[in-house]
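First up is the structure itself, then whatever we jot down about it.
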Amino acid sequence: MKAQELQQEALYMATSSATTRNYATIISGLVAKGISVDEIIPRENVFTFHAWKALGRQVRKGEHGVKITTWIPCKGKKVADPENEQNKVKLRPKTAVVFHVSQTDPIAESEVA
């Protein structure tokens, strides 16, 4: 997978889900790093490294993010759901690290080319 495709997929995954499962972890982790609660808006100004690249920003060298766990679908894997007798896509856990916009800088035009 090309870097640009990876970045676009990361951005899509970050913005397409409506779950708030990791919000408490994100907020408490970023507050511990000195970022005000009022400045933290997951899915608006908190993204993964690759999602920030897709948005034209880069994480500053030496910055540490907040580790979260997300669930991603396994391609081609389905499990029977005994409750409604439909097949559901099997999910697997994956860890990711997210960064606040204040931990990033815009990518210079000369670096993009």
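Values in this text are rule-based calculations from the coordinates and carry no lab data. Keep in mind that what you see is a predicted model, and the values were worked out from it rather than measured. FYI the Cβ positions are ideal-geometry reconstructions off the backbone, even for glycines, and counts take in every protein chain you see.
What the Cβ-Cβ distance of Ser36 and Lys61 gives, at R0 = 30 Å and to the nearest 0.05, is a FRET efficiency of 0.80. Other residues within the sphere of radius under 12 Å centred on the Cβ of Met13, judged by their own Cβ, net out at +1 (K and R +1, D and E -1). Taking R0 as 22 Å, what FRET efficiency do you get between Ile72 and Ser28 from their Cβ-Cβ distance, rounded to the nearest 0.05? Efficiency, rounded to the nearest 0.05: 0.40.
The stretch between Val89 and Ser17 holds 24.4 nm of extra length on full extension. This uses 0.36 nm per residue minus the Cα-Cα distance.
Across the stretch 93-106, coupling constants 3J(HN,Hα) worked out from phi with the 6.51/-1.76/1.60 Karplus curve, θ = phi - 60°, read x, 9, 8, 9, 10, 10, 10, 7, 4, 5, 9, 10, 10, x Hz, and Gly and Pro carry x.
The packing ranking, built from the mean of other Cβ atoms within 10 Å per residue, places the peptides 28-35, 7-14, 42-49 in the order 42-49, 7-14, 28-35, highest first. On full extension, the segment bounded by Ala3 and Glu109 gains 36.4 nm, given 0.36 nm per residue less the C-alpha separation. Net charge in the neighbourhood of Gly62 (other residues with Cβ under 15 Å of its Cβ; Lys, Arg +1, Asp, Glu -1) is +1.
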